[in-house]
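A.B. asks: First the structure, which I've put down as structure tokens, then a few questions once you've had a look.
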Amino acid sequence: MTVLHPAESLQQHVLEIGARLQGHPSDLLVSSVFARELHQQQHLFDALGMTDIAQTLVALELQPIPETEGRALLAALLELQQKPDDFVLSPECGDLYTNREAWLTERTGAVGWLGAGRARREAITTAFVIVMRKALLDYQLALTALGDVMVEQAAIHRLSIMPDYTYLQAAQPTTLGHYLLSFAYPLIRDLERLDLLFKQLNCSPIGCGSTNGSQIPQGRQQAAQLLGFAGVIEHARDAMWQADVCINCVSILNTGSITLSRLAEDLQIFSTQEFGLIELDDRHARASKIMPQKKNPFALTHVRAFANKMIGLSATVTASSRTPSGQPDNRLLIYGELPEAVRQATEVSELMAEVLEHLRFKADRGRQLIESGWTLATDLAETLVLECGLDFRAAHQLVGFLAGEFQQYSVSVLSPEIIIAACEQRLGRRIELSRAQLEKALDLLHAIESRQEAGGTSMSSMEAMLNACSAQFTRYREQALILRTYLEDKEEELLRLAEALATR
């Protein structure tokens, strides 16, 4: 919503409040601090309206507000919920709450009953929690969609052979499918953490007063039910602002963004000419302005940059919470920054899903990188243990010696005679190794299929992991969809109740 200067009549209510303070805020305070505060709260408009409507309905039910005034207030709130053209935001009117109050003052004298016994911080905090609930469900759905793409691509590429890397050096043979699936499990852990976070956010702060409740009946349970909350935050002072929940949220965003950044870093390296394992689709790349041969994986750069932003936001949210417990300025920035961060995390997850869905794996290059090097060295050492009776340390030393001696070649240059002779020379032991045993040790498909235990690259192991991950992503997706539908239905029900009562 564009910030505009309101007509003087809309400022009258705020001026009356200012008169009680024996002065007006300075122009600089308005243009910098108030404007910034209002900017951080604009996205709370709809949720703040729902909060006011629910509180007014409960006040009518419990009768601290007269019926005539209550119905008039409901009618004005419902009109404001439609964002009429004559409602404009201005920092001169203060924050979002007082901007709304100024507009309502122009239309009904019943505005004096708005929020009786309730601090405006409570109303804005409730709106913040409502917005965060929705945003987190959208983020959960994006993560499950990303997980589905990972599982799908892992299944397609379960036999797409490539080297795995440690220290950016070829380590052991793997498949693109096994590699991709390693990122599905951190997503599942993030979904587990989000599930707990949603349960914490799905408790209502409404009706907590300022620190210890109110003598005016608030109907906390009734209001919470109207807004779709599972219950209320038990302690009124704790309900005013739960700093640890915000820290928990940004921590999840941090871990989730770092997981995707790690994947993006790898894919960016794999897409270089030197590795040449993958190519991003043109829709996710950007051409160089000066170098016509370059295809820059720009989508991956954005994923990495978002992770950097989340590391900074994590420090900001944590530092903002390290204040005296009743300090309201510790939330002013968070009202805007945290929901926006969840929204961006959702977009980044959707972007990464799209990148994975459309990237191209260069199978010939994957096989070439293995066959031209020593990534099967561990398989050879393990064969010497299993077939020749060497202990693993001795086998490791022997294969390491051979890798040094023949480093300009690949492991395929070895023959049984070379290995047997090297063993006598280095270890002083005679072993028997047949050509069939050596060929089996250096067979790529055997290297993949022989890792049969849980978590390995074999087809049976991969099938088990693919099924388990798919089931988890389906469960979390269905759960998020049910919750989102429930909250949408509760909003519609609340508005119907308000309209029926206001027009009765």
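A.B. asks: Take Phe406 and tell me if it is without any contact (Cβ under 8 Å) to a residue 24 or more places away in the chain, surrounded by 13 or more Cβ atoms within 10 Å (Cβ to Cβ) and more than 21 Å from Thr166 (Cβ to Cβ).
C.D. replies: Here the answer is yes, as Phe406 does meet what is asked.
A.B. asks: Mind listing whichever residues of the range 348-364 are in a helix (DSSP H, G or I) and either in contact with a helix residue (DSSP H, G or I) (Cβ under 8 Å, 6 or more places away or on another chain) or under 19 Å from Glu265 (Cβ atoms) (or both)?
C.D. replies: Selection gives Val348, Ser349, Glu350, Leu351, Met352, Ala353, Glu354, Val355, Leu356, Glu357, His358.
A.B. asks: Next up: Do we have Arg426 as assigned to a helix (DSSP H, G or I), at pLDDT 90 or above and more than 25 Å from Gln368 (Cα to Cα) here? Please lay out each step first, then the result.
C.D. replies: Numbers: assigned to a helix (DSSP H, G or I): yes; at pLDDT 90 or above: no; more than 25 Å from Gln368 (Cα to Cα): yes.
For Arg426, the condition - assigned to a helix (DSSP H, G or I), at pLDDT 90 or above and more than 25 Å from Gln368 (Cα to Cα) - is not met.
A.B. asks: Between Gly228, Gly276, Gly207, which is in contact with a helix residue (DSSP H, G or I) (Cβ under 8 Å, 6 or more places away or on another chain), assigned to a loop (DSSP other than H, G, I, E, B) and modelled with pLDDT under 90?
C.D. replies: Gly207
A.B. asks: Answer yes or no as to whether Tyr167 is open to solvent by 10 Å² or more (accessible area, probe 1.4 Å) and either in contact with a helix residue (DSSP H, G or I) (Cβ under 7 Å, 6 or more places away or on another chain) or of a type in the set (Phe, Trp, Tyr) (or both).
C.D. replies: So Tyr167 fits the description; yes.
A.B. asks: Just to verify a result, which residue in the range 72-91, among those that are among the acidic types (Asp, Glu) and outside any helix (DSSP H, G or I), is most open to solvent (accessible area, probe 1.4 Å)?
C.D. replies: Among those residues, the one meeting the criterion is Asp85.
Conditions tested, residue by residue: (1) in a loop (DSSP other than H, G, I, E, B); (2) farther than 25 Å from Leu277 by Cα; (3) at pLDDT 95 or above; (4) open to solvent by 10 Å² or more (accessible area, probe 1.4 Å).
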| position | (1), (2), (3), (4) |
| --- | --- |
| Pro64 | yes, yes, no, yes |
| Glu101 | no, yes, no, yes |
| Val111 | no, yes, no, yes |
| Leu143 | no, yes, yes, no |
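A.B. asks: Ok, one more. Could you tell me whether Ser325 is touching a strand residue (DSSP E or B) at 6+ places or on another chain (Cβ under 8 Å), exposed (fewer than 13 other Cβ atoms within 10 Å of the Cβ) and farther than 23 Å from Gln42 by Cα? Break it down into steps so the answer makes sense when it comes.
C.D. replies: Numbers: touching a strand residue (DSSP E or B) at 6+ places or on another chain (Cβ under 8 Å): no; exposed (fewer than 13 other Cβ atoms within 10 Å of the Cβ): yes; farther than 23 Å from Gln42 by Cα: yes.
The answer is no for Ser325.
The values are calculated or read from the model by the stated rules, or taken from the named source; none is laboratory data. This one's a predicted model, so the numbers in the text were calculated from it and none came from an experiment. Heads up, the Cβs are rebuilt from the backbone with ideal geometry, glycines too, and the neighbour counts pull from every protein chain shown. Keep in mind that these areas ignore ligands, DNA and RNA; they rest on the heavy atoms of the full protein, side chains included. Shrake-Rupley method; radii C 1.70, N 1.55, O 1.52, S 1.80 Å.
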